[in-house]
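**Q** Structure in structure tokens, see below.
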Amino acid sequence: MAEVAALAGVTKMTVSRVLRHPEKVNPDTRKRVTTAMAELGYIANRLAGGLNAGTSGLVAAIVPTLRHSLFADTLEGISDVVSEAGLGLFVSSSAYRSDVEESQIRSILERRPDALMLTGLTHTKAARDLLRGFGIPVVETWETGDDPVDMAVGYSNREAAHAMTAELIRSGYRRIAFVNGPAENNERARHRAEGYLAAMKEAGLSAPPIHVVHDEAAIRPETGAKAIRVLRQQSDIDAVFFTSDIFAVGAILACRELGIDVPAQLGIAGFHDLDVGRVVSPTLTTVQVPAMEMGRKAGHMILARLAGKRLATHRQDLGFSIISRESTRRPH
């Protein structure tokens, strides 16, 4: 550090400040220090620094899967925010299993992170007790609820599914099926099912049995194609609402192969508003959710808590939007 300071023409204290709180250092000075670090091949000893300061300089995040671009967007959002504050991001995947998540939480806490971001509100009791007893900022994402471990940022999956089902009904569809993920360890799937069923009941419509995709970690178009074939054999449906755009796009491609006219014979709707839904033909009606903004907001909430600031609210509802496209525009 002394060599870096000498080369940059600053004090060791300034080098330390660049490493710990870069946002508080003049940009020109910060650039001189980082340039000197690069020239000298200097790597800060975060472990030693953390022992002195009582911090690790790390924020941890657990997502259900790294295969889904949505969670990558959320991770990018939080990474953008915490990296600007000089913090590192450690990422782990729970494979949609609460027991795996609990094990990962234990392992992560052993490394003394400064904060933790989780996906969803469903955790084992042991995991909730661990997190509440550890005393670091915790932000749960992708849902809002009445009893977060600490803080929560997301949207209402129940209201989103209700709104999409109501949109299909307004478009003239009546025999609407819903393809969902397993709800046992995933309150997002449970709340989406509740929203779908409530909208169908309010419209006086009979809801077919929910088609559950059990291999939720493997989100592939083929899954949606398979669901369409099964549903068309089992019941007389005129629309399918999928819990994922990936499934919905696979269903559209399968309908093309089977000679099913979308949207005249069968309406197709998805969830998440992925890029693929905008380029498939017909374009996909879907629920748009603020995936990256959830990560950014979680990062800002964490930084505020680490700075000792009192938050106006511990729950942030970012809302959602219904995006109506060609796949549900049924000819009158």
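**Q** Placing unit charges on C-beta atoms (Lys and Arg positive, Asp and Glu negative, everything else neutral), compute the dipole magnitude of the stretch 115-170 about its Cα centre in debye, rounded to 20.
**A** On the way: 5 positive and 8 negative charges, 21 e Å.
Here the stretch 115-170 has a charge dipole of around 100 debye.
**Q** Hey, what did the stretch 167-228 get for relative contact order, percent, Cα under 8 Å, at least 6 apart?
**A** 39 percent
**Q** Got a sec? Charge dipole of the chain, +1 on Cβ for Lys and Arg, -1 for Asp and Glu; which of Gly277, Thr313, Gly267 is way out at the positive end?
**A** Positive-most Cα among the choices belongs to Thr313.
**Q** OK, next. What distance in nm lies between label points placed 7 Å from Cα along the C-beta direction at Arg256 and Tyr42?
**A** 5.7 nm
**Q** Regarding the stretch 179-329, what is the average projected area of its C-alpha convex hull, in nm²?
**A** Hull-based average projected area comes out at 10.6 nm².
**Q** Of the listed peptides 86-92, 117-123, what is their order by residue-averaged count of other C-beta atoms within 10 Å, with the highest listed first? Before the final figure, lay out the partial values.
**A** Working: 86-92: 17.3, 117-123: 24.6.
Descending mean neighbour count gives 117-123, 86-92.
**Q** Place a +1 charge on the Cβ of each Lys and Arg in the chain and a -1 charge on the Cβ of each Asp and Glu, then give the dipole magnitude about the Cα centre in debye, rounded to the nearest 20.
**A** Once rounded to the nearest 20, the dipole reads 500 debye.
**Q** When the dipole is taken about the Cα centre of the stretch 188-332, and only Lys, Arg (+1) and Asp, Glu (-1) are charged at their Cβ, what size is it in debye, to the nearest 20?
**A** Using Cβ point charges on Lys, Arg, Asp and Glu, the stretch 188-332 gives about 660 debye.
**Q** Using the charge dipole of the chain (Lys, Arg: +1 at Cβ; Asp, Glu: -1 at Cβ; taken about the Cα centre), state which of His332, Ser244, Thr119 has its Cα farthest towards the positive end.
**A** Thr119
**Q** Give the distance, in whole Å, between the Cα centre of the stretch 149-165 and the Cα centre of the stretch 240-275.
**A** 23 Å
**Q** Further, regarding this structure: Counting only heavy atoms of protein chains, what accessible area per residue, in Å², does the chain have with a probe of 1.4 Å?
**A** Computed with neighbouring chains in place, this is 47 Å² per residue.
**Q** Starting from the amide H of Ala239, placed 1.01 Å from N in the peptide plane, find each other amide H under 5 Å away whose residue is 5 or more places distant or on another chain.
**A** Arg175, Ala177, Gly267
**Q** For volume of the Cα convex hull per residue in Å³, which listed value, [x] 132; [y] 152; [z] 142, comes from the coordinates shown?
**A** Label of the calculated value: [y].
**Q** Sticking with this structure for a sec: Carbon and sulfur: what percent of the chain's accessible surface (1.4 Å probe)?
**A** 50 percent
**Q** In straight Cα distance, which lysines are under 25 Å from Lys24, not counting same-chain residues fewer than 8 positions off?
**A** Filter leaves Lys12, Lys297, Lys309.
**Q** What FRET efficiency comes out for the pair Thr11/Lys309, r = Cβ-Cβ distance, R0 = 35 Å, nearest 0.05?
**A** 0.80
**Q** Would you compute the Debye intensity of the stretch 109-232 from its alpha-carbon atoms alone, equal scatterers and no solvent, and pass along log10 I(q)/I(0) at q = 0.18 Å⁻¹ to two decimals?
**A** -0.99
**Q** Taking amide hydrogens as modeled 1.01 Å from N in the peptide plane, which residues meet the under 5 Å criterion relative to Met117, leaving out close sequence neighbours?
**A** Hits under the 5 Å cutoff: Ala60, Ala61, Ile62, Val139.
The values are calculated or read from the model by the stated rules, or taken from the named source; none is laboratory data. Just so we're clear, the structure is a prediction, and the values are computed from it rather than from any experiment. Please note: Cβ atoms are built from the backbone with ideal geometry, for glycine as well, and neighbour counts cover all protein chains shown. SASA here: full protein model, heavy atoms, side chains in, ligands and nucleic acids out. Shrake-Rupley method; radii C 1.70, N 1.55, O 1.52, S 1.80 Å.
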